[in-house]
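Visitor: Input: one structure, supplied below.
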Amino acid sequence: MKQHEMLAMILAGGRGSRLKDLTNKVAKPAVSFGGKYRIIDFPLSNCANSGIDVIGVLTQYESVLLNSYASSGRIWGLDTKDSGVYVLPPRERADANLSVYRGTADAISQNIDFIDTYDPEYLLILSGDHIYKMNYDKMLDFHKANKADATIAVIGVPMKEASRFGIMNTDEENRIVEFEEKPEHPKSNLASMGIYIFNWKALRKILVADMKDPDSHHDFGKDVIPVMLNGGKRLFAYEFKGYWKDVGTIDSLWEANMDLLSEANELDLHDDSWIIYTEDATEQPQYIGPDAKVDVAYITQGCDIEGEVTRSVLFTGTNVGHGAKVIDSVLMPGAEVEEGATVTRCIVADGVHIGRNAVVGSADSENILLVAKNVKGEA
Amino acid sequence: MATAFGIITAGRTRFHVEGLEDYRPIGSISFLGRYRLIDFPISNMSNSNIDRIQVYARSNSRSLVEHVGNGSYYNINSKRGKLQVLFGEENSVNDVYNTDIAAYYQNIEIIERMHQNYVIIAPGYMVYVQDFDALLKQHIESGADISLLYHKVNDAKTNYRNCNFLDMNRQKGVKSIEVNDAEKDDRNIFMDTFVMSKDLFVKLIRKARSVSSVFSLVRIINLESEDLDIRAIQHKGYFAAITDFKSYFDANMNLLNIDVAKQLFEPSWPIYTHTTDSSPVQYFEGASIKNSVVANGSLIKGCVENSVIGRGVIICKGAVVKNCIILGHCKIGDGIRLENQVIDKWAKIQNVDQLIADPDRPGYIRRDDVI
């Protein structure tokens, strides 16, 4: 077996309950984004593009779809003899009755045996629910240059929002001197992105101790990082500049989709030097009908547009009927807006039908409306 | 369960698509933005559970080999199935000797080693949907030696140049296969699709070689027709024969009619192709688009009407593209007007105001050209 310098583990067990009905049946990492992608395509493609070829995906909540999706390593080119995407849900064991992952750190602890089979020098911990493009290999270079025990990726957030995040306080050399979880009076605006590189041997020791600690939350932010800081370990903040979004709510999921429409959007999914890979839909190319009007839109294959689409993102296989209007909205895969219907400031969930002449959402709504059930048409 | 293996003829044929075919064999010509012509026969075979497929290529095959790969894009079982590209070496300077039979004969050991008892041969230059499993069943039940697939047309005087038609008796027995002489509009156009047993196929190949080295499969079947039970099976549904530049242009344009396209694209009969992982299409402020098909990865800032836009195409601000086929990765510059053009891959149109052709004689811009 080829030696793997760094292994990646993606935490993908969260429900994302603030996404309401969108995550009733699928875990947040499997939620659709940007016309043809799923959220987890971003960390997986980043790994593939960064030269990391063994990846564990830790799943828990509603994981049927996510497990089958993430285990298709070929989607991201991770299906050679030496590479693979391994789905790791909690399991029953002979020596303990562990049946769930009790926290982010516990999810790794319960898979120490998996990681040990590869015996990597470094372990990369990622979250399965963020949208960004990042070269983890550069972060590893930074980690090595600093002779760090752990490196945490951070991003500058507006100071007034800093109290919503885990904030890293650093010295001039980017060494982390203090970590504060959602501080009331933040001293810095460097928010943790939930991306960590650890020296595996050192982390392994801490995890083994953490598993036995009855007072621990078994969480990286709450337990592992403070233990390392208190123990005088070398922790560094790696500042990431670029597009990064946690699409935790309906509004932020909508916003992230709308960001793609701007001419100077930072995420730039057209960049062929850093492709985000996703499952190929065997659908015909999009068809725009003779009476259609399309102005500022992101539309993917399998769509059939006969009506008007304005400032909207349309996912695989959506239909917009004659005279229908889709404005400032997101149509998830297979959604259908029938003739004459109007959809404004909505996310229409997967496969939902908006009936003939129906009107959903409104231009001056404060929040984005999630339409998760079929809407009846009118005569 | 199909007991046939498939053969797809994708190399140089008696047809010639002017311009486009200078760069690639007919089977790997781009079609409807996202596809190559050969995707249709391969998908038909894959959907019919035929998972041993031989693609016959001749010269200029790079794009074909790259496109079909090992068949993994076509839903073919990666262990049990196999898609092979077989090359007919063009030994002869005189092209009359480079027949389909010559290519089969060069690979006859491979053909003889196939475990399947039947062979289905389909062309890489005709676009249609056909369940080959059903066709094979019909062939076996009829007891015929050879079954040939045909499509009834009523415009053979002006179209289907160089195609063959079937001369049949009333019981759909085939008397002979003849070249379309453009004398009658009503013809049963032969879809260059054959079903027969592997043993007969091998016998015909050997026989053809012993009779004449210019013989094609059609010629030997005609010669042997007295001794063979040859039957015609009618195909219904969408059918296009890409036999020259005009028929290529027309077939693409015809599929802009959604009712026509629906005959070709059925949800239960997927058409597979090589994925390129391109992003969705982005339409910018000021863009306008009507009656068009657009493949992923394209950026649309100008006006597009009645056109087929390939992958990763950029239509700049103020450009007007009407009745055009733009192949992958082309760039149409600011304010340029194009009408009735086929723009081959990677071309950049940037230094002219307009390129306008007559709809009956569409224009063609070569691959990689900068105009």
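The values are calculated or read from the model by the stated rules, or taken from the named source; none is laboratory data. Bear in mind that the values here come from a model prediction, so they are computed numbers and not experimental data. So basically every Cβ, Gly included, is an ideal-geometry build from the backbone, and we count neighbours across all protein chains shown.
Visitor: If we only count strands (runs of 3 or more DSSP E) wholly inside region A:227-337, which ones have 2 or more residues that are at pLDDT 95 or above?
Guide: So the answer is A:235-239, A:286-288, A:293-299, A:308-314, A:325-327.
Visitor: In addition: Test B:Phe5 against the criterion of being in contact with a strand residue (DSSP E or B) (Cβ under 9 Å, 6 or more places away or on another chain) and away from every other protein chain (no Cβ under 14 Å), and give yes or no.
Guide: Yes: the conditions hold for B:Phe5.
Visitor: Of the conditions (1) touching a Gly at 6+ places or on another chain (Cβ under 9 Å); (2) of a type outside the set (Asp, Glu); (3) under 26 Å from A:Ala30 (Cβ atoms), A:Asn265 satisfies every one except a single condition; which number is it?
Guide: With respect to (1) touching a Gly at 6+ places or on another chain (Cβ under 9 Å); (2) of a type outside the set (Asp, Glu); (3) under 26 Å from A:Ala30 (Cβ atoms), A:Asn265 is out only on (1).
Visitor: Consider region A:173-189. How many of its residues are surrounded by 17 or more Cβ atoms within 10 Å (Cβ to Cβ) and in contact with a Gly (Cβ under 8 Å, 6 or more places away or on another chain)?
Guide: 3
Yes or no, residue by residue, for (1) on the phi > 0 side of the Ramachandran plot; (2) in contact with a Gly (Cβ under 6 Å, 6 or more places away or on another chain):
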{"site": "B:Ile300", "(1), (2)": "no, no"}
{"site": "B:Asn306", "(1), (2)": "yes, no"}
{"site": "B:Gly310", "(1), (2)": "no, yes"}
{"site": "B:Cys324", "(1), (2)": "no, no"}
{"site": "B:Leu338", "(1), (2)": "no, no"}
{"site": "B:Gln350", "(1), (2)": "no, yes"}
{"site": "B:Gln354", "(1), (2)": "no, no"}
{"site": "B:Asp358", "(1), (2)": "no, no"}
{"site": "B:Pro362", "(1), (2)": "no, no"}
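Visitor: So which residues in region A:120-172 are among the hydroxyl-bearing types (Ser, Thr, Tyr) and touching a residue at least 60 places away in the same chain (Cβ under 8 Å)?
Guide: A:Tyr122, A:Ser127, A:Tyr132, A:Tyr136, A:Thr151, A:Thr170
Visitor: How many residues are among the charged types (D, E, K, R), assigned to a loop (DSSP other than H, G, I, E, B) and within 24 Å of A:Asp41 (Cα to Cα) when one looks only at region A:63-110?
Guide: Selection size over region A:63-110: 3.
Visitor: Looking at the structure I just gave you, is B:Ser176 in the same structural domain as B:Val202 (by TED's automatic domain parsing), closer than 21 Å to B:Ser216 by Cβ and crowded, with 21+ Cβ neighbours inside 10 Å?
Guide: In short, no.
Visitor: Within region B:303-313, restricting attention to residues that are surrounded by fewer than 24 Cβ atoms within 10 Å (Cβ to Cβ) and without any contact (Cβ under 8 Å) to a residue 40 or more places away in the chain, which residue is farthest from the other protein chains (Cβ to nearest Cβ)?
Guide: B:Cys303
Visitor: OK, next. Does at least one position in region B:109-118 carry a residue that is of a type in the set (Ser, Thr, Tyr) and at pLDDT 95 or above?
Guide: Checked region B:109-118: at least one residue is of a type in the set (Ser, Thr, Tyr) and at pLDDT 95 or above.
Visitor: In region A:254-278, what residues are at the interface with chain B (Cβ under 7 Å from one of its Cβ atoms) and without any contact (Cβ under 8 Å) to a residue 12 or more places away in the chain?
Guide: Matches in region A:254-278: A:Glu263, A:His270.
Conditions tested, residue by residue: (1) surrounded by fewer than 24 Cβ atoms within 10 Å (Cβ to Cβ); (2) within 20 Å of A:Ser109 (Cβ to Cβ); (3) without any contact (Cβ under 8 Å) to a residue 24 or more places away in the chain.
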residue	(1), (2), (3)
A:Leu11	no, yes, no
A:Arg18	yes, no, no
A:Thr23	yes, no, no
A:Pro29	no, no, no
A:Ser45	yes, no, no
A:Ser50	yes, no, no
A:Leu58	no, yes, no
A:Tyr61	yes, yes, no
A:Asn67	yes, no, yes
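Visitor: Name the single residue, out of those in region A:279-313 being more than 7 Å from chain B (Cβ to nearest Cβ) and closer than 30 Å to A:Asn135 by Cβ, that is surrounded by the most Cβ atoms within 10 Å (Cβ to Cβ).
Guide: A:Val313
Visitor: Here is a check on your reading of the model: is B:Met168 assigned by TED's automatic domain parsing to the domain that holds B:Ser216, in contact with a helix residue (DSSP H, G or I) (Cβ under 8 Å, 6 or more places away or on another chain) and in contact (Cβ under 8 Å) with a residue 60 or more places away in the chain?
Guide: So B:Met168 fails the test.
Visitor: Go through (1) within 30 Å of B:Gly33 (Cα to Cα); (2) modelled with pLDDT of 95 or more; (3) of a type outside the set (Gly, Ala, Ser) and name the single condition B:Ile221 misses.
Guide: (1)
Visitor: Which residues, taken from region B:73-87, are polar (S, T, N, Q) and part of a strand (DSSP E or B)?
Guide: Scanning region B:73-87 gives a single hit, B:Gln84.
Visitor: Exactly one condition in (1) part of a loop (DSSP other than H, G, I, E, B); (2) within 20 Å of A:Leu253 (Cα to Cα) is not met by A:Glu378; state its number.
Guide: Of (1) part of a loop (DSSP other than H, G, I, E, B); (2) within 20 Å of A:Leu253 (Cα to Cα), only one is false for A:Glu378: (2).
Visitor: From the set of residues in region B:237-296 that are more than 20 Å from B:Arg161 (Cα to Cα) and aromatic (Phe, Trp, Tyr), which is farthest from the other protein chains (Cβ to nearest Cβ)?
Guide: Selected residue: B:Trp269.
Visitor: Residues of region A:68-83 being touching a strand residue (DSSP E or B) at 6+ places or on another chain (Cβ under 6 Å) and of a type outside the set (S, T, N, Q), which ones?
Guide: Within region A:68-83, A:Ala70, A:Gly73, A:Leu78 qualify.
Visitor: Let me ask something else. Please tell me if A:Val227 is more than 14 Å from every other protein chain (Cβ to nearest Cβ) and surrounded by fewer than 19 Cβ atoms within 10 Å (Cβ to Cβ).
Guide: yes
Visitor: Mind listing whichever residues of region A:150-201 are in contact with a strand residue (DSSP E or B) (Cβ under 6 Å, 6 or more places away or on another chain) and part of a loop (DSSP other than H, G, I, E, B)?
Guide: A:Val157, A:Phe165, A:Asp171, A:Asn174, A:Pro183, A:Pro186, A:Lys187, A:Ser188, A:Asn189
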